[in-house]
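Beneath this line is the structure, given in structure tokens, with notes to follow.
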Amino acid sequence: MTAQLEPGLYIVAGPIGNLSDLTPRAAEILRAADVVAVEDSRVSARLLRHAGSDRPMLPYHDHSDERVRARLIERMASESVALLSDAGTPLISDPGYKLVRDARAAGRMVTTAPGPCAAIAAITLSGLPSDRFLFMGFLPSKAKARGDALAEVAGLRATLVFYESGPRCAASLADMASALGDRPAALAREVSKLHETVLDGSLSELAAACAEREPKGEIVIVVAPPGEAPPASEDEVEDALVTALKTMPVSKAAGEVARRFGVDRKALYARALELREAE
């Protein structure tokens with residue numbers, strides 16, 4: 001017998017492919033909730049059948065207006081509402097954050113049943129650094145906006161994670177190579193499904209592969225952090241020191257430039273004294 005749930009909002013992570021990835025707790029919530037808010041009832045009906053749930057579904061998606069959200073918030077005062085996206089964890093490149101925000105503001109109970117997430121799964125498959133990463137979701141469809149978005153994160157020393165569609169994949173990868181440099185990357189598609197595939201290589205290699213054969217299914221692109229910057233040349237350090245000496249004492253100028261370029265401070269201090277004496 002399924003236990004009755006406390007009134008409130010239950011954020012339920014569903015499978016990203018294999019239905020067996022649904023957690024026992026998530027299945028229990030789907031069987032017990034008074035209503036399940038879903039993106040697409042045709043997609044969610046299959047998962048509810050798998051979970052053994054006959055609970056009623058209500059649509060909640062990107063195009064739902066404030067009235068739909070308000071009615072759900074009102075129901076949470078006395079009923080349990082489960083929030084389910086088409087795949088993976090709700091709110092991760094899916095609608096839902098406004099519902100959570102308003103539910104919390106109204107004093108409703110909000111909890112989550114964590115589980116699958118395509119972005120996290122792709123990072124684990126990529127073989128790229130996972131200690132620091134930034135989830136970028138879907139890039140803009142227009143080339144100019146896409147380039148601007150990539151330029152904002154080009155210098156970030158973190159692995160970057162993107163969602164993408166098959167038809168846009170080659171163009172997006174080419175733009176990444178141009179804006180970020182030809183970094184190592186991985187393309188994961190259909191994660192946890194029958195035809196799960198992971199391709200790795202440089203961004204330009206992956207762009208060429210996608211241009212030759214358009215990938216199908218759900219796609220995650222994982223891009224390595226930028227490599228170490230090349231050491232500054234002697235001329236660059238000298239120019240920076242000359243500039244610093246125009247506004248700073250010798251000791252401070254040498255220290256600032258040494259920290260900036262990672263060079264020996266004592267040697268730089270000696271050179272700064274030479275430059276100051278030659279003035």
Out of all DSSP beta bridges in region 119-223, what portion is antiparallel? Express it as a percent rounded to 5.
75
In whole Hz and in residue order, list the ³J(HN,Hα) couplings for region 21-37 that follow from phi through the Karplus curve 6.51 cos²θ - 1.76 cosθ + 1.60, θ = phi - 60°; x for Gly and Pro.
6, 5, 6, x, 5, 4, 4, 5, 5, 5, 7, 9, 4, 5, 8, 10, 8
Computed [θ] at 222 nm, helices only, for the chain once each DSSP H run of length n ≥ 4 contributes -39500 (n - 2.57):
-13000 deg cm²/dmol
For the chain, the Cα gyration tensor yields equivalent-ellipsoid semi-axes (√(5λ), largest first, whole Å) of 50, 24, 16
Express as a percent, rounded to the nearest 5, the fraction of DSSP beta bridges in the chain (both residues included) that run antiparallel.
45
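Using only the alpha carbons of region 56-106, what is the convex hull's orientation-averaged projected area in square nanometres?
On the way: hull surface 14.5 nm².
Result: a mean projected hull area of 3.6 nm².
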Return the long-range amide H neighbours of Ala113 (sequence gap of 5 or more, or a different chain), with a cut-off of under 5 Å between placed amide H atoms.
Ile11, Val12, Ala13
From Cα pairs below 8 angstrom and at least 6 apart in sequence, can you work out the relative contact order of region 119-249, rounded to a whole percent?
29
What are the extents of the Cα atoms of region 91-181 along their three principal axes, listed from largest to smallest and rounded to whole Å?
47, 30, 26
Which cross-chain or sequence-distant (5 or more) residues have an amide H under 5 Å from the amide H of Ser80, H modelled 1.01 Å from N in plane?
Gly8, Asp34, Val35
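How high is the relative contact order of region 234-277, in percent, counting Cα pairs under 8 Å that sit 6 or more residues apart?
Values: 30 pairs, mean separation 17.4, N = 44.
Computed value for region 234-277: 40 percent relative contact order.
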For region 234-277, just list the percent of Cα-Cα distances falling in each 5 Å bin from zero outward, please.
5, 30, 43, 20, 2
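For the chain, what relative contact order do you get, as a whole percent, if you take Cα pairs closer than 8 Å and at least 6 residues apart?
Normalised by residue count, the contact order of the chain is 16 percent.
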Taking 32 Å as the cut-off for C-alpha to C-alpha distance, list the pairs among Lys144/Lys252; Lys98/Lys144; Lys142/Lys216 that go past it.
Lys144/Lys252
Across region 110-120, in residue order, what do the Karplus-derived ³J(HN,Hα) couplings come to in whole Hz, using 6.51 cos²θ - 1.76 cosθ + 1.60 with θ = phi - 60° and x for Gly and Pro?
10, 9, 10, 10, x, x, x, 8, 4, 4, 5
Relative to the compact-globule estimate 2.2 N^0.38 Å (N residues), the Cα gyration radius of region 8-116 stands at a ratio of 0.95
Amide H contacts of Thr197 (H built 1.01 Å from N, under 5 Å, at least 5 apart or other chain)
Arg189
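Coordinate-derived values only; no laboratory data. These numbers come from a predicted model, not from an experiment.
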